[in-house]
Amino acid sequence: MDSTVENILIAGTHDFVSPYMFRAARDSFGEETQIWMLGDGPLAGIPVDLTSGSITLPAKMEYVIYTDATDSSQLAADKLMPMADNLIRSLEPHAPCAMIYISTVGVYGKTSGENVSEATAPAPLTDFDRAKLAVEKRLTEWCATHAVKLAILRPAPVVGTGMGGELRTMVNRIYRATYRHVIGDESRMSVVHATDLASAAVMLLGSEGIYNITDGIDPTRHDLAEALSSRLNRKRIYSLPAKRMKLIARIGDWLPITVYNTKRLQLQTSTLTYDSTKLREALPDWHPADVTDYLTSHVYDASSL
């Protein structure tokens, strides 16, 4: 990676990981590099709705970090491809040297499994994940025809300020005291902190390929929920036996006003982990934090994201 880069574009400032990307890029490249923030979010130095059209960029961008949305709560599925098309049209006059795209492990379409690797054929189950995979393909084709080095990061659920998706649902249920541990459940899930996603993205600039990204710990759902509760003033989470939880879930299948149903319980008690060995081999100096440890021990201050 060239440390003398003049311009970096971070596109997608409505996504919650964009401030993390800015900080990682600034820490890596220093004050001499101009970091442009493009999008319709509050951080946008280049305010534009990329779903409505392309723009003329103020300078040639040597590097581009594109983070359209890390989950469906950030952006609707039908917005993803128009945004990607308008971004590459904006870049067309002066193609960058390299691009990073923040995709999602959702493209694999897994609801359970262990150590799912990049060799797994994508089979997305939702409109959002299908759209993310389509954007991957569009960017791959465009970069290949414009001699742009493209690296695609597929993060596990991302923890950080403003997070959405499954983790936001878990946090909301813990806060409302409707989340329950299932006694004896040892299911695990992969996660990654937004700080580490951002640092890896910056370190990968100039590389090529597809990489899963996790914290490498794959905590139990029990431990992750307890760590999240520590950010909610130690909100207590009650535990129930598996048989009782199954009964509650069956009732929930018929009475939607209840918190649990069979599908939600299956999700909570299923292991789903991803293999990030390929990324660790590509970035031997990248050392992500244990998310559960970060949540329970990090001292937040005015500079924290």
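The values are calculated or read from the model by the stated rules, or taken from the named source; none is laboratory data. Here the structure is a predicted model, which means the values were calculated and not measured. Note that each Cβ is placed from the backbone with ideal geometry, even for glycine, and that neighbours are counted across all protein chains shown. Please note that ligands, DNA and RNA were not included when accessible areas were found on the heavy atoms of the full protein model with its side chains. Shrake-Rupley method; radii C 1.70, N 1.55, O 1.52, S 1.80 Å.
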Exposure of Asp196 as accessible area (Å², to 10), given a probe of 1.4 Å and all protein chains: 20 Å²
field: the range 141-169 and the range 52-116: distance between their alpha carbon centers, rounded to Å
entry: 7 Å
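In the range 78-216, carbon and sulfur make up what percent of the accessible area (probe 1.4 Å)?
Values: 2720 of 5290 Å².
Percent of accessible area from carbon and sulfur atoms in the range 78-216: 52.
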- prompt: What FRET efficiency comes out for the pair Arg236/Thr4, r = Cβ-Cβ distance, R0 = 41 Å, nearest 0.05?
  reply: 0.20
task: Please say if the range 1-70 is rounded, prolate or oblate, where rounded means a/c under 1.5 for a ≥ b ≥ c the square roots of the C-alpha gyration tensor eigenvalues, and otherwise the choice is prolate for a/b larger than b/c and oblate otherwise?
output: oblate
message: Using a Cα-Cα cut-off of under 18 Å, which aspartates and glutamates could be cross-linked to Lys246, ignoring same-chain neighbours fewer than 8 residues away?
response: Asp185, Glu186
field: Per residue, in Å², the accessible surface of the range 5-45 once ligands and nucleic acids are set aside, probe 1.4 Å
entry: 40 Å²
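If I take R0 = 30 Å and measure r between the Cβ atoms of Ala147 and Arg26 in this structure, what FRET efficiency does the formula 1/(1 + (r/R0)^6) give, to the nearest 0.05?
Numbers: r = 27 Å, r/R0 = 0.91.
Efficiency, from the Cβ-Cβ distance: 0.65.
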- request: Give the residues of the range 84-124 whose amide nitrogen is closer than 18 Å to a point set 7 Å from the Cα of Ala59 in the direction of its Cβ.
  value: 91-99
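Which whole-number value in Å² is the accessible area per residue of the range 114-159, probe 1.4 Å? List each step's numbers first, then the result.
Working: 2100 Å² over 46 residues.
In whole numbers, the range 114-159 has 46 Å² accessible per residue.
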message: How much of the DSSP bridge set in the chain is antiparallel, in percent, rounded to the nearest 5?
response: 5 percent
message: I'd like the accessible area for Ser112, computed on protein heavy atoms only with a 1.4 Å probe and all protein chains in place. Round to 10 Å², please.
response: 60 Å²
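Quick one: if the Förster radius is 41 Å, what FRET efficiency do Leu125 and Arg250 give, using the C-beta to C-beta distance and rounding to 0.05? Don't skip to the end; give the middle numbers.
Numbers: r = 23 Å, r/R0 = 0.57.
Given R0 = 41 Å and the Cβ-Cβ separation, E is 0.95.
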field: Reach of Lys149 by Cα under 18 Å, taken over lysines that are not fewer than 8 positions away in the same chain
entry: Lys60, Lys137, Lys278
- prompt: Relative contact order for the range 59-117 using alpha-carbon pairs under 8 Å, separation at least 6, rounded to a whole percent?
  reply: 54 percent
task: Pairs to check: Lys132/Lys235; Lys132/Lys263; Lys110/Lys263; Lys110/Lys235. Give those whose C-alpha atoms are more than 26 Å from each other in this structure.
output: Lys132/Lys235; Lys110/Lys235
